[in-house]
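The values are calculated or read from the model by the stated rules, or taken from the named source; none is laboratory data. Please read all numbers here as calculations on a predicted model, not as lab measurements. Neighbour counts run over all protein chains shown; Cβ positions are idealised from the backbone, glycine included.
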There are 2 protein chains.
Amino acid sequence: MEESRSRHMSVDTAAIETVNQEFYAAIESADLDKMTEIWAEDTTDDQVSCVHPGWTLLTGRQEVLRSWALIMANTTYIQFVLTDVNTTVLGDVAVLTCVENILTAGEEGEASFAAGKVVASNVYLRTAQGWRLWMHHGSPVLQGDDDEEEEGELEP
Amino acid sequence: MEESRSRHMSVDTAAIETVNQEFYAAIESADLDKMTEIWAEDTTDDQVSCVHPGWTLLTGRQEVLRSWALIMANTTYIQFVLTDVNTTVLGDVAVLTCVENILTAGEEGEASFAAGKVVASNVYLRTAQGWRLWMHHGSPVLQGDDDEEEEGELEP
């Protein structure tokens with residue numbers, strides 16, 4: 001596995017990171033058709049799944065895509081700057097982790113912006129149609145200071 | 001892939017869910033040796049990674065295990081009840097999602113308890129030593145009411 005992992009690394013990594021960019025571009029442009037294309041099909045045994053920051057787990061294409069439609073309909077402006085992108089290919093599965101640095105519109109009607117940071121784990125599957133998203137798990141980063149982040153919520 | 005996925009499903013799933021139980025038991029009993037055994041080894045290309053609820057991404061065995069040592073040292077009592085456990089085997093990789101229903105001791109010195117809900121995605125690798133944890137991503141569930149959870153943070 002080690003050898004095959006290295007051999008496919010560069011080509012696959014480029015392909016996966018392109019799909020990953022398209023995923024965030026689809027959110028930015030509220031492109032539900034593109035989002036629908038990016039997600040893998042459910043199989044008999046397995047369903048796609050998605051965790052939005054602060055939400056519980058959503059499972060199955062229908063539920064996941066419905067959540068994106070809802071988010072797109074309720075988001076006036078959103079922009080992602082991805083940092084710390086790291087992709088690991090393990091056979092026909094790839095795990096991409098990244099930090100989503102997010103800029104959104106503030107409360108409706110105001111000319112304000114809000115910034116946030118989310119850490120995401122995106123699992124992609126190799127399919128006949130190319131790499132497709134099988135799981136997205138985004139969680140809010142609650143610590144602001146990098147030096148303090150390892151202390152987490154442990155300090156009273 | 002579909003066929004092999006189904007064929008290995010039951011045996012692998014049982015083995016993975018056993019390791020997953022051991023993972024949470026290790027946290028409950030503050031057993032750092034067991035925790036060390038459960039995590040996969042880093043390879044030249046890939047490092048294990050871990051997101052604790054509200055934290056940013058930690059990468060590499062050393063950093064991940066240090067965070068568990070810190071958490072264990074600062075936790076007087078913790079108990080996990082897992083629900084919605086779902087395991088998908090994809091070749092030599094498995095993704096297990098579950099909800100961690102957590103009971104912890106309150107502030108030190110008080111006879112109180114706190115309850116919380118975390119959604120976790122745990123990625124396991126098939127190794128010569130059995131299934132080993134390669135990524136843990138836990139995120140806080142911020143919505144209390146199941147009926148409202150799909151609305152998320154979208155409603156002002």
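Residue-level check: of (1) outside any strand (DSSP E or B); (2) over 20 Å from B:Arg132 (Cα atoms), B:Val19 misses just (2). Considering the stretch A:33-89, and only residues there that are within 8 Å of chain B (Cβ to nearest Cβ) and among the aliphatic types (A, V, I, L, M), the residue that is farthest from the chain's Cα centre (by Cα) turns out to be A:Leu70.
So in the stretch B:126-140, with the set limited to residues that are of a type in the set (A, V, I, L, M, F, W, C) and in a strand (DSSP E or B), which one is surrounded by the most Cβ atoms within 10 Å (Cβ to Cβ)? Per the criteria, the residue is B:Met135.
Evaluating A:Ala25 against the criteria (1) facing another protein chain (nearest Cβ under 10 Å); (2) surrounded by fewer than 16 Cβ atoms within 10 Å (Cβ to Cβ); (3) at pLDDT 95 or above leaves one unmet condition, (1).
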